[in-house]
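Peer 1: There's a structure below that I have some questions on.
The values are calculated or read from the model by the stated rules, or taken from the named source; none is laboratory data. Predicted model only: the values in this text are computed from it and were never measured. Here the Cβ positions follow ideal geometry from the backbone for every residue, glycine too, while neighbour counts run over all protein chains shown.
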Amino acid sequence: MRLFIAAELPPQILEALSETSASLRDAVKGRFVGPDLFHVTLAFLGERPASEVPAICDLMRVACVEQPAFKTSLGDLGTFGRASSAVLWQGFSEGRKSWDALAQSVWGQLSVLGYAPEHSRFVPHVTLARRANIQGLHIPMPHVDRGIIDSVALFSSDLSGPRLVYEPLDCARLREA
């Protein structure tokens with residue numbers, strides 16, 4: 001099974017992301033992510049045997065108990081990759097230290113099972129579109145809102161059907177601030 005750990009987003013942030021995505025669809029050609037799939041990936045684990053899920057869930061809970069819930073705000077748009085086939089995302093302008101601490105806590109716990117981060121630098125973001133062609137385009141300003149990050153979940157992702165499906169396997173709450 002294909003696994004990842006992600007922060008779940010509060011309703012007001014999900015709504016702002018949906019509004020940004022809707023306004024971008026008029027300006028950008030690409031494969032847009034459905035609002036039901038918006039999240040912030042903290043750790044992508046890839047293909048893993050189902051037998052590892054209980055241990056991953058236990059470690060995720062330990063990582064969350066160590067971290068307080070925190071306020072965050074949506075920020076600017078950004079991209080990964082080439083302008084002709086980019087991943088278009090929206091980042092966060094508030095709570096950067098808390099995002100970093102949460103990701104480090106998750107990876108610190110996962111290291112017990114031999115996992116190591118894919119990238120040396122964590123960039124908290126929500127993917128809005130893949131294979132986006134943004135060459136020479138004027139990108140509209142994103143909608144912004146703020147909320148509290150207070151839970152993290154382990155998800156499996158199923159790529160076998162006509163549409164990507166994420167299934168939550170377990171959820172952990174962050175410590176009350």
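Peer 1: Out of (1) under 23 Å from Gln12 (Cβ atoms); (2) hydrophobic (A, V, I, L, M, F, W, C); (3) in contact with a Gly (Cβ under 8 Å, 6 or more places away or on another chain), what's the single condition that is false for Ala132?
Peer 2: Just one mismatch for Ala132, condition (1).
Peer 1: Within the set of pairs 6 or more residues apart or between chains, which connect a residue that is without any contact (Cβ under 8 Å) to a residue 12 or more places away in the chain and among the small types (Gly, Ala, Ser) inside the range 91-112 to a residue that is part of a loop (DSSP other than H, G, I, E, B) and surrounded by fewer than 18 Cβ atoms within 10 Å (Cβ to Cβ) with Cβ atoms less than 8 Å apart?
Peer 2: none
Peer 1: Go through the range 125-134 and give me each residue that's surrounded by 16 or more Cβ atoms within 10 Å (Cβ to Cβ) and outside any loop (DSSP other than H, G, I, E, B).
Peer 2: Passing the criteria: His125, Val126, Thr127, Leu128, Ala129, Arg130, Ala132, Asn133.
Peer 1: In the range 135-175, which residues are buried (at least 17 other Cβ atoms within 10 Å of the Cβ) and of a type in the set (Val, Ile, Thr)?
Peer 2: Val144, Ile149, Val152
Peer 1: Tally up the residues in the range 54-91 that are in a loop (DSSP other than H, G, I, E, B) and within 15 Å of Gly147 (Cβ to Cβ), please.
Peer 2: 1
Peer 1: Moving to a separate point now. Provide a single number: the residues in the range 27-40 that are farther than 17 Å from His125 by Cβ and in a helix (DSSP H, G or I).
Peer 2: 1
Peer 1: Another question about this same structure. Please state which one of Phe92, Phe122, Phe70 is under 24 Å from Gly46 (Cα atoms) and either touching a Leu at 6+ places or on another chain (Cβ under 9 Å) or surrounded by fewer than 14 Cβ atoms within 10 Å (Cβ to Cβ) (or both).
Peer 2: Testing whether each residue is under 24 Å from Gly46 (Cα atoms) and either touching a Leu at 6+ places or on another chain (Cβ under 9 Å) or surrounded by fewer than 14 Cβ atoms within 10 Å (Cβ to Cβ) (or both) leaves just Phe122.
Peer 1: Can you name every residue in the range 59-83 that is among the hydroxyl-bearing types (Ser, Thr, Tyr) and either in contact with a Pro (Cβ under 7 Å, 6 or more places away or on another chain) or touching a residue at least 60 places away in the same chain (Cβ under 8 Å) (or both)?
Peer 2: Thr72, Ser73
Peer 1: Could you tell me which of the residues Leu24, Leu14, Leu110 is at pLDDT below 95 and part of a helix (DSSP H, G or I)?
Peer 2: Leu24
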